[in-house]
1. For L67, are the conditions met, namely being under 19 Å from the mean Cα position of the chain (by Cα), assigned to a helix (DSSP H, G or I) and at negative phi?
2. I'm told S217 meets every condition in (1) more than 29 Å from N488 (Cα to Cα); (2) without any contact (Cβ under 8 Å) to a residue 24 or more places away in the chain; (3) surrounded by 12 or more Cβ atoms within 10 Å (Cβ to Cβ) except one. Can you identify the failing condition by its number?
3. Residues being assigned to a helix (DSSP H, G or I) and closer than 24 Å to A204 by Cβ: count how many of those fall in segment 270-307.
4. Report yes if T31 is surrounded by fewer than 16 Cβ atoms within 10 Å (Cβ to Cβ), within 22 Å of R364 (Cβ to Cβ) and in contact (Cβ under 8 Å) with a residue 12 or more places away in the chain, otherwise no.
5. Out of R326, R290, report the one residue that is at pLDDT below 95 and basic (K, R).
6. Among the numbered conditions (1) within 20 Å of Y367 (Cα to Cα); (2) modelled with pLDDT of 85 or more, tell me where M77 comes up short.
7. When you scan segment 229-243, do you find a residue that is more than 30 Å from R342 (Cβ to Cβ) and touching a helix residue (DSSP H, G or I) at 6+ places or on another chain (Cβ under 7 Å), even just one?
8. Does A22 meet the test of being in contact with a Ser or Thr (Cβ under 6 Å, 6 or more places away or on another chain) and among the small types (G, A, S)?
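The values are calculated or read from the model by the stated rules, or taken from the named source; none is laboratory data. These figures come from a predicted structure and were not determined experimentally. Ideal geometry is used to build each Cβ from the backbone, glycine not excepted, and the neighbour counts take in all protein chains shown.
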Amino acid sequence: MDFASLTLFLILYYIRPQEWIAAIQPLKPVTLIMAFAIISILMRPRGFTLKELFKTPHDWMMLFYCLWIVIAAPDKMDTFKSVYTLYLFYAVTVLALSNLDRVRRFMTWWAVMIFVLAGLAVLSEYGFDPTYSYDITHGIMQHRLVFNTSLYNNPNALGHSIVPVLVMLYFLFIWKRPIFVRIGAIPLFVVPVYCIYLTVSKGAFVSGFATLVAALSFGRPKVVQILILVGAMTVGWGALKSLPRMQEIQKSRTDDAIQGRISAFKFGLHKLKTDFTGVGKDRFVPTMFRETKIYKAAHSSYVQIGCELGKVGLFLFLGNLYCALRTLVSAKTRNTDEERVRRILFSMIISYMVSSWMVDFAYRANYFMFCGAIAAFHRMMMSGKTLSETAEDNQTVQEAIGSLAAAPIGGLRPAAAGMAPAVINQATISQAAITVPALPGPLSKGEPYAEENPGPGITWMKYRWVDFALNYLLFYAVIRFWDYILRNM
């Protein structure tokens, strides 16, 4: 049931029906589901001890990061309440993903929910619009697509949130799949690609391009990596520049939107260098307005963290990303299933790192969840187990989703342009929107990939001085690139 709860939370996180279905709002479904997940973990047959939370370098780094957020905050109690919830996302993910089969199914659910989000956003242009996205898209957003919920009511946020599914779909349904599966999966790319295109987000275009290049190069022979890079920098970059609004990058010094972001970057770097603990979580905007009379969001996770948590906070924030990259780069996978999961996780973190230069996703739940998923993958590689152990909870998830679909849905407002109240068909929900596509091949045994004999797939167990040095190198590179942006844009 812990896995079922985690999956249901993922559904609520992306679709957010509690924000546009009146009947769900009073139930506080996110709080209920997370509480149920915690209870499920505590009541597991094998029990639970705090020791289970601290088995990898990821676990300690995440704990120190969350503690520093509280330490650096002026209002420590309020900050603790919000950070405690974020830490639970990480802890529940780590503990619920207890074997490879669960991680793989969780990645599949994750891809499906991003796909559904993209589909709902696109459908708002064609009459199905329960969130009133159409009016915002063609009003204040000037024909740039949005999905009118708290997380995706901005075209940049929507575009960057859809980007990871491109490579997730590739590794789930094309990489090392039979030819008939590959051909059948190609139409799946139409919806997310069209959604990103409709957002007309320069940042999402760049993030998608960089993520695809990194994902397709990862794990390939050096010669193939060079060919991919050459192709990307020539044909690929030329195609990227032909997309809408990309010409504005060449005029960055006269573009008001870009210069507004530069002012936020300058303020953030100034605070990073002069305020050791930062201004405190979620205080970037009011602090910048108070000191500069400019009302501007950070528009970058790095800028937001650097300003709000100082150098220590930025180092720890990057520390979680470093630990994730260290695991994925150094892991020696032993079958196709492990390698598939490794490449999906690598694609997700690269997408997040690139997008974080253009959108402020610093405290989003997905950061804590993919860090948790990578930490869970690290534990599996430590254990030496190459095969999925169980398929439990799969039926439980389906039953839970069936119950959600069968529940009466009320309180929907009429859609824009005089449409009748939206009606969601149960069969449509359960079959088209949230049913996980069946993965070809066995669920219990993967094809040999690197070696056939079981054994630990990773030898990195502790965060040592060399890791501190590499972590600091990543921190230094971020600061230098930050400064480079200010000098050249």
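1. So L67 fails the test.
2. Checking S217 against (1) more than 29 Å from N488 (Cα to Cα); (2) without any contact (Cβ under 8 Å) to a residue 24 or more places away in the chain; (3) surrounded by 12 or more Cβ atoms within 10 Å (Cβ to Cβ), the one that fails is (1).
3. Counting residues in segment 270-307 that are assigned to a helix (DSSP H, G or I) and closer than 24 Å to A204 by Cβ gives 9.
4. So T31 does not fit the description; no.
5. Residue meeting the stated conditions: R290.
6. Against the list (1) within 20 Å of Y367 (Cα to Cα); (2) modelled with pLDDT of 85 or more, M77 comes up short only on (1).
7. yes
8. No: the conditions fail for A22.
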